[in-house]
Amino acid sequence: MIEVDFVLPDGSRERVYGREGYSLMEVAVRAGIAGIRAECGGACACATCHVAIAPEWADRVGPPHLAEDMLLDSLERTQTSRLACQVKLKAVLDGLEVRVPE
Ligand code: FES
């Protein structure tokens, strides 16, 4: 199982575990992480799964693809913003930290 820490807007942390191949959004929704609404169900169409990858993890997570990047432009994004539905869990992401925006 891959461990992911979600840092919530109030600074609290929630640690969740997900299987390789699942998306960051799927594990967040299953764990009931507040602020990850995922209204489009992972179709890269709503941006309600926006997270900011902790900078030290950004290289391992990688950049957004073009459609995701365009959707992120509609938000107050950070340099490490990603849509959680577009990030697949893999072994090198074990211990990942992401921030949930307000
Ligand atoms: S769940 Fe809608 S864009 Fe990620």
Checklist outcome for this item: Taking region 47-86 and keeping only residues that are near the ligand (Cβ under 7 Å from one of its atoms), of a type in the set (A, V, I, L, M, F, W, C) and under 18 Å from Ala28 (Cα atoms), one is left with Ala47, Cys49, Leu83, Ala84, Cys85
Next on the checklist: Let me spell it out: the conditions are (1) farther than 21 Å from Met1 by Cβ; (2) more than 10 Å from the ligand (Cβ to nearest atom), and Glu20 meets all of them except one. Which number is the exception?
Outcome noted: (1)
Item to check | Matching residues in region 1-43 - criterion: being at positive phi and under 12 Å from the mean Cα position of the chain (by Cα) | outcome: Gly35, Ala38, Gly42
Item to check | Near pairs, Cβ below 7 angstrom, 6+ apart or cross-chain, from region 31-46 (more than 8 Å from the ligand (Cβ to nearest atom) and at pLDDT 95 or above) to any residue that is among the charged types (D, E, K, R) and not in a loop (DSSP other than H, G, I, E, B) | outcome: Ala31/Glu14; Ile33/Glu14
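At least 2 residues that are surrounded by 13 or more Cβ atoms within 10 Å (Cβ to Cβ) and of a type in the set (D, E, K, R) in each: list the strands (runs of 3 or more DSSP E) lying fully within the chain that qualify. Can you show your working first?
Values: elements: 2-7, 13-18, 50-53, 81-83, 96-99.
Once the strands (runs of 3 or more DSSP E) in the chain are filtered for at least 2 residues that are surrounded by 13 or more Cβ atoms within 10 Å (Cβ to Cβ) and of a type in the set (D, E, K, R), what remains is 2-7, 96-99.
The values are calculated or read from the model by the stated rules, or taken from the named source; none is laboratory data. These figures come from a predicted structure and were not determined experimentally. Here Cβ is always computed from backbone atoms with ideal geometry, including for glycine, and neighbour counts include all displayed protein chains.
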